[in-house]
């Protein structure tokens, strides 16, 4: 089974209060899982990577989200290009998260693809991330 994930990280004032949103759907577009989490004070790029890492951890740990392929959609062009090897990860804090993502992917039993999408196509994950900041959940 293929899963479609939509992730977003938000930071107000960058760095500022931050949150993440993760939405996982099946191929029919049915929502299987929605998550939001407040991160405290951090940068937008850290929030984006944290959202991706949280998504991967949820899929890897879940008995109900077993999949053969995971396609992650994000509006973070930087993260997408770094994950696809087009850009190097220079920031020390991002490198830590990048290596955690790579380690998790290396031990996963599903194929992984990450795709950049416009913000307008990532509204649900964006809303979750901003709700996390507003409610501090």
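Some notes on this structure:
- Cβ-derived FRET efficiency at R0 35 Å, residue 31 paired with residue 103, nearest 0.05: 0.80
- Per residue, the average separation of C-alpha pairs within less than 8 Å and at least 6 apart gives the range 2-135 a relative contact order of 35 percent.
- Placing dummy labels 7 Å off each Cα toward the beta-carbon, the span from residue 64 to residue 134 is 2.5 nm.
- Separation of the range 8-56 from the range 73-92 is 15 Å, based on Cα centroids.
- Comparing 19, 40, 85 in a Gaussian network model of the chain, where Cα atoms under 10 Å apart are tied by springs, the biggest mean-square fluctuation is seen for 85.
- Remark: spin-label model distance residue 127-residue 113 equals 2.6 nm, labels positioned 7 Å along the Cα→Cβ axis.
- Most fluctuating residue given options 75, 109, 126, as computed from a GNM of the chain linking Cα atoms under 10 Å: 109
- GNM top mover of 62, 108, 11 - the chain, alpha-carbon springs below 10 Å: 62
- Order of 31, 20, 117 - criterion: other Cβ atoms within 10 Å of each residue's Cβ, fewest first: 31, 117, 20
- DSSP bridge pairs, the range 2-135: antiparallel proportion in percent, nearest 5: 60
- Measuring max minus min along each principal axis, the C-alpha atoms of the range 2-135 give extents of 37, 32, 26 Å (largest first).
- Where only DSSP H runs of four or more residues are counted, the chain gives -12500 deg cm²/dmol as its mean residue ellipticity at 222 nm, each run worth -39500 (n - 2.57).
- Exposure proxy order (Cβ contacts within 10 Å, fewest to most) of 83, 58: 58, 83
Laboratory data are not the source of any read-out in this text; all were calculated from the coordinates shown. Small disclaimer: the values here were computed from a predicted structure and weren't measured. Cβ atoms come from the backbone with ideal geometry, glycine included; neighbour counts cover every protein chain shown.
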